[in-house]
Amino acid sequence: MPGPKHATASRRNGVLPEKHRFVRYLAVGGINTGFSYGLYSLLLWSGVSYHMASLCAMVLGIFWSYTTQRAAVFGASGGSSLLRYLAAWSCLYFLNIGIIACLKHLGINDYVAGLVATPPVAIMSYFVLKLVVFSNDEPGSTGHPRQ
């Protein structure tokens with residue numbers, strides 16, 4: 001297990017210690033989620049179906065959050081991870097829609113279902129982004145997945 005010396009070296013190399021990275025992910029994600037959920041609600045209120053409202057909110061949120069999460073959370077540079085990011089969020093979209101559909105089947109309205117689906121999708125997205133999308137783009141990365 002790495003000691004304090006490793007943590008200091010990681011900060012110097014631009015890699016955040018895991019605890020700080022997760023906190024920063026939550027802060028950046030909170031802002032992004034507020035924007036996306038607000039847009040989702042606005043679209044529902046305008047008469048758009050939950051499928052399209054979720055898709056529109058997610059697509060617009062994806063391009064904003066790619067930039068903020070790549071730089072502010074994972075310390076990655078360049079755009080080589082954009083296709084992985086888009087593929088990951090395509091899968092996460094279906095997870096989101098699946099959760100909303102299950103909740104609707106239980107009689108929960110679209111607004112509450114979208115809100116309840118947010119935490120599990122956010123947690124899953126952190127691990128997908130960390131382990132799949134940005135794992136090879138971090139400062140000091142050798143290009144190989146982490147052990």
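The numbers here are math on the coordinates, done by the rules we state, and not lab data. All figures in this text were calculated on a predicted structure; none of them were measured in a lab.
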Overall Cα dimensions of region 16-133, principal axis frame, Å, largest first: 42, 24, 21
Contour excess over end-to-end distance, with Cα ends at Phe63 and Leu131 and 0.36 nm allotted per residue: 22.5 nm
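Fully extended, how many nm does the chain gain between Leu106 and Glu18 (0.36 nm per residue separation, minus their Cα-Cα distance)? Let's see the in-between values first.
On the way: separation 88, 0.36 × 88 = 31.68 nm, distance 3.70 nm.
Residue separation times 0.36 nm, minus the Cα-Cα distance, leaves 28.0 nm.
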